[in-house]
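Everything on this sheet refers to the single structure shown next.
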Amino acid sequence: MNHLPQAWGRPRDDVYGPYDASYLQSRLPQAHTQSPIVTGTSVLAVKFKDGVVIAADNLASYGSLARFTDVKRLRPFNSKSIVGIGGDVSDMQYLDRLLNSLDVTENYSSTGHSLNAKNLHTYLSKVMYKRRSDINPLWNQMLVAGLDGNDEPFLSSVDLLGTTFSSPTLATGFGAHLAQPLLRKVADDESKVADVTRERAVEAVKECMKVLFYRDARSLDRYSIAVVTKEGGGVEGG
Amino acid sequence: MFRNNYDNDSVTFSPQGRIFQVEYASEAVKQGSVVVGIVSKTHTVLVALKRNAEELSSYQKKVIGIDEHFGIALAGLASDARVLSNFMKQQALASKMTYGRPIPLERIVTQIGDRAQTSTQVYGKRPYGVGLLIAGVDETGPHLFEFQPSGMTQEMIACAIGARSQMARTYLERHLDEFADASRDELIKHGLLALKESLSQDKELTVDNASVGVTGIAKDGKRKVETFKLYDGSEVGPLLEAALESAELAGGEAREGESMEVDS
Amino acid sequence: MTSIGTGYDLQNSVFSPDGRNFQVEYAVKAVENGGTCVGIRCKDGVVLAVEKIITSKLLKPGANKKIATVDRNVGIVSSGIIPDGRHFVSRARDEAASWRSTYKAPIPLAALAGRLGGYVQAYTLYSSVRPFGVTAIVGGWDSEGELGVDGQVGSGPSVGTGGKKPGAKAGGPALYMIEPSGSYWVSLLITRDGIHKTDKAHSKGYYGAATGKGRQTAKSELEKLDLASGNLSLEAGVKEAARIIYVAHEDSKDKEFELEMSWISSMDGPTKGRHQEVPKDMLEEAEKLAKKALEGEDEEETTAPEGETMEE
């Protein structure tokens, strides 16, 4: 007979077989988000010579159901940047509140400090990477469009793993497959951005949104499009 | 014997509404050797008089670089300053890490101010026994702040704290109008001369006891920052020479002409 | 004070035999020498103004703001120990942020004032802390429009009232003043049958508030404005606030000062429901009028406003 303390008060192994301690566990292992629920699809963006164009449709899908059809997925931040968010919509709403509180604290003092798009992208990438390291990711992919510290056009992405990526044209979700190759015809290299006009960029994005509506079953024909330049940014319904 | 019953801790108001412990902490600042700070439209300068405990010992550090874009000068308990400067270094680094931007000076100053305020309102803590001048450059240009043990922080055009600093302040007030448009070299010169004013008779500025810290907006590029540069030891020599020479010129009633060209 | 030296004033949270907490009273003394602060609740917004005594020529003019923003729609200004005022503001910001994280909406002014009152009061309860050496004026605008919850990304159903009461009136200007004891005053509502009732939910606090060194003069000036009638416009309020600070400064004329002012208007007013500094040209205009008003007063007769003299 086993006289060791860990065997006290338990059925004897030699009579009942080895004791299965897993039955004592009252808690399941902690699990966080393992898949998104209500989702938004692609976000597209193109840099041009003095700004960035960004677009995302207004649909939030629940699986294959087009659940909400007036969801704004472009989120302006302090007139210098716009964040386009794809992926889980409730996580997007959390990010929206996070940016809201950041905006509130940034505006306590009126002495002229403001976060530019580059700062904002750095911040968001830290948030996303922290969450993935906690194994509790925010299920989104974001494009941050705007101007950097030198008022140059800025465009960069961050995803649920905290991975960041920069390019003159960017597209998330289905758009990464369908729109990105088309957008690269506009500018496939940083050096070409200087030759892209605003009209050309807007036209390319609109064309891609159309292609996506035709090919992506989780997309919608109503979308938001925004242009950020030195003169400020504005979101339009489409 | 106590001066009164209201000065044993920082959680007791006197009948006049004063907090003596905080006032006593400010006295510690006045015991420290003098430091001077000046800001122009393009640069900030910190100048300090270092002290050594005895002939053979080294000199106490008075100017500390915190981040690329700013530094501090201290008067009072150096160990308290170290706690605050470590805190500032952490915060500056955190700002770089999370936003990729140099921390706005106003913000870091508010943070140490708030920290210092806590120790004036809670039993079992003591106020910091140090005054600081925080000088640097951020997105909105060059700034100079004064920090006091009470947690009070103020943005200044020029400031001097520490022993006999009144003389330096008098110099600063007299030359207040010249600072805004002063060049980098002129600003250093003003700092050293203000410092010289507050020296006791038997002392003079030497390469051993003077420290200078400078930051500014770099000439090339609109938002580039000139990294905080600390001049210590032999590096101070040329700066001192230029300052003293111009003082002599002014003394010999010749209006100070071109200040001597000093290369950093 | 006769009770000084009896030992009941050496520790916070201790009552004297006649039921007083001396440490709180001493904290009030710290306030009484601070720069004068004024808050006016106008019909379409709130104005805050503060007299900043210039203690040194070396101070950077126009810097060192004393009016702080909390969330987006609240302003706080305080007299007394300035670092204590900063502590107070930072707590207010935390409260506003915590309210937002719970309710996904900005904190109503009445709730903010209540929480801050409670916080300050807690500092009178323990011997391990000292009371706040500030009296703070908290002014703001509760949105009268439809705000939606934070993080809302769509507009919801396009038909029906959505559970809302049509035509219900909400929001408006609010002004509170919180003292070192933690007390703050809500307005008395007089119902039709003449019963006085304090109704926190509908409270908007003071019509006008003043604290700091020149509070007596400022208060008597505020009383002359007949704020209860609700006729004073925000623009006129800005001018009055500037004038009152100038009048209240008369007692310490030898010291130079800087005037700092901020305002909060309705959602369709000049600040769109946000707390902002009063624009520079407007501030200068108000200062010019204030100086003129003072000169005019001097010409008529050189007497102080009757019956209002400083204590101490």
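The values are calculated or read from the model by the stated rules, or taken from the named source; none is laboratory data. Note that the coordinates shown come from a computational prediction; the quantities given were computed from them, not determined experimentally. Positions of Cβ are backbone-derived with ideal geometry, glycine not excepted, and every protein chain shown enters the neighbour counts.
Points worth noting:
- Residue in segment C:139-151 that is within 12 Å of another protein chain (Cβ to nearest Cβ), surrounded by 15 or more Cβ atoms within 10 Å (Cβ to Cβ), over 21 Å from C:Gly39 (Cα atoms) and touching an Asp or Glu at 6+ places or on another chain (Cβ under 8 Å) present: yes
- Restricting segment A:23-66 to residues that are of a type in the set (Lys, Arg) and touching a helix residue (DSSP H, G or I) at 6+ places or on another chain (Cβ under 7 Å) leaves a set whose member that is modelled with the lowest pLDDT is A:Lys49.
- Evaluation of A:Val52 against (1) within 30 Å of C:Pro157 (Cα to Cα); (2) part of a strand (DSSP E or B) (one fails), failing number: (1)
- In the condition set (1) more than 8 Å from every other protein chain (Cβ to nearest Cβ); (2) in contact with a Gly (Cβ under 6 Å, 6 or more places away or on another chain); (3) touching a residue at least 60 places away in the same chain (Cβ under 8 Å), A:Arg73 is compliant with all but (1).
- The set of residues in segment B:109-127 being in contact (Cβ under 8 Å) with a residue 40 or more places away in the chain and either part of a helix (DSSP H, G or I) or within 16 Å of the chain's Cα centre (by Cα) (or both) consists of B:Val109, B:Thr110, B:Ile112, B:Gly113.
- One residue alone among A:Thr111, A:Thr122 is over 29 Å from C:Gly156 (Cα atoms), more than 11 Å from chain C (Cβ to nearest Cβ) and without any contact (Cβ under 8 Å) to a residue 24 or more places away in the chain, and that residue is A:Thr122.
- Matching residues in segment C:49-63 - criterion: being facing another protein chain (nearest Cβ under 8 Å) and either crowded, with 19+ Cβ neighbours inside 10 Å or aliphatic (A, V, I, L, M) (or both): C:Leu58, C:Leu59, C:Ala63
- Residues of segment B:87-114 satisfying the condition of being touching a Lys or Arg at 6+ places or on another chain (Cβ under 9 Å), more than 10 Å from chain A (Cβ to nearest Cβ) and of a type in the set (D, E, K, R): B:Asp114
- If you go through segment C:226-258 and keep only what is out of contact with any helix residue (DSSP H, G or I) (no Cβ under 6 Å at 6 or more places or on another chain) and of a type in the set (A, V, I, L, M), you end up with C:Leu227, C:Ala228, C:Leu232, C:Leu234, C:Ala236, C:Ala241, C:Ile245.
- Top-ranked residue of segment B:9-44 - restricted to ones that are surrounded by fewer than 17 Cβ atoms within 10 Å (Cβ to Cβ) and farther than 20 Å from C:Asp84 by Cα, ranked as nearest to the other protein chains (Cβ to nearest Cβ): B:Lys41
- Hey, B:Gly124 surrounded by 18 or more Cβ atoms within 10 Å (Cβ to Cβ) and more than 14 Å from chain A (Cβ to nearest Cβ) or not: no
- The set of residues in segment B:53-86 being under 17 Å from B:Leu105 (Cα atoms) and either among the charged types (D, E, K, R) or in a strand (DSSP E or B) (or both) consists of B:Val63, B:Ile64, B:Gly65, B:Ile66, B:Asp67, B:Glu68, B:Phe70, B:Gly71, B:Ile72, B:Ala73, B:Leu74.
- Restricting segment B:155-178 to residues that are touching a residue at least 24 places away in the same chain (Cβ under 8 Å) and assigned to a loop (DSSP other than H, G, I, E, B) leaves a set whose member that is farthest from the other protein chains (Cβ to nearest Cβ) is B:Ala163.
- The requirement of being in a strand (DSSP E or B), more than 14 Å from chain B (Cβ to nearest Cβ), charged (D, E, K, R) and touching a helix residue (DSSP H, G or I) at 6+ places or on another chain (Cβ under 6 Å) is not satisfied by C:Glu95.
- For segment C:67-90, a tally of residues being charged (D, E, K, R) and away from chain B (no Cβ under 11 Å) returns 2.
This table checks each residue for (1) aliphatic (A, V, I, L, M); (2) over 26 Å from A:Ala204 (Cβ atoms); (3) within 13 Å of another protein chain (Cβ to nearest Cβ).
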residue: A:Val38; (1), (2), (3): yes, yes, yes
residue: A:Thr41; (1), (2), (3): no, no, no
residue: A:Lys47; (1), (2), (3): no, no, no
residue: A:Ala60; (1), (2), (3): yes, no, yes
residue: A:Arg97; (1), (2), (3): no, yes, yes
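- Scope segment A:125-137; condition in contact (Cβ under 8 Å) with a residue 40 or more places away in the chain and either facing chain B (nearest Cβ under 10 Å) or touching a Ser or Thr at 6+ places or on another chain (Cβ under 8 Å) (or both); matching residues: A:Asn136, A:Pro137
- Filter result for A:Asp91 (away from chain C (no Cβ under 13 Å), surrounded by fewer than 24 Cβ atoms within 10 Å (Cβ to Cβ) and closer than 28 Å to A:Asn107 by Cα): no
- Condition check for C:Thr124: within 14 Å of chain B (Cβ to nearest Cβ), in a loop (DSSP other than H, G, I, E, B) and crowded, with 16+ Cβ neighbours inside 10 Å: yes
- For B:Glu139, the conditions (1) farther than 24 Å from B:Gln21 by Cβ; (2) at pLDDT 95 or above are fulfilled apart from (2).
- Single unsatisfied condition, A:Lys185 versus (1) assigned to a loop (DSSP other than H, G, I, E, B); (2) within 12 Å of chain B (Cβ to nearest Cβ); (3) under 19 Å from A:Val53 (Cα atoms): (2)
- If the condition is being out of contact with any Lys or Arg (no Cβ under 9 Å at 6 or more places or on another chain) and part of a strand (DSSP E or B), then segment C:39-56 contributes C:Gly39, C:Ile40, C:Cys42, C:Gly45, C:Val46, C:Leu48, C:Ala49.
- Test for B:Ser211: is it of a type in the set (Ser, Thr, Tyr), over 29 Å from C:Tyr119 (Cα atoms) and not in a loop (DSSP other than H, G, I, E, B): yes
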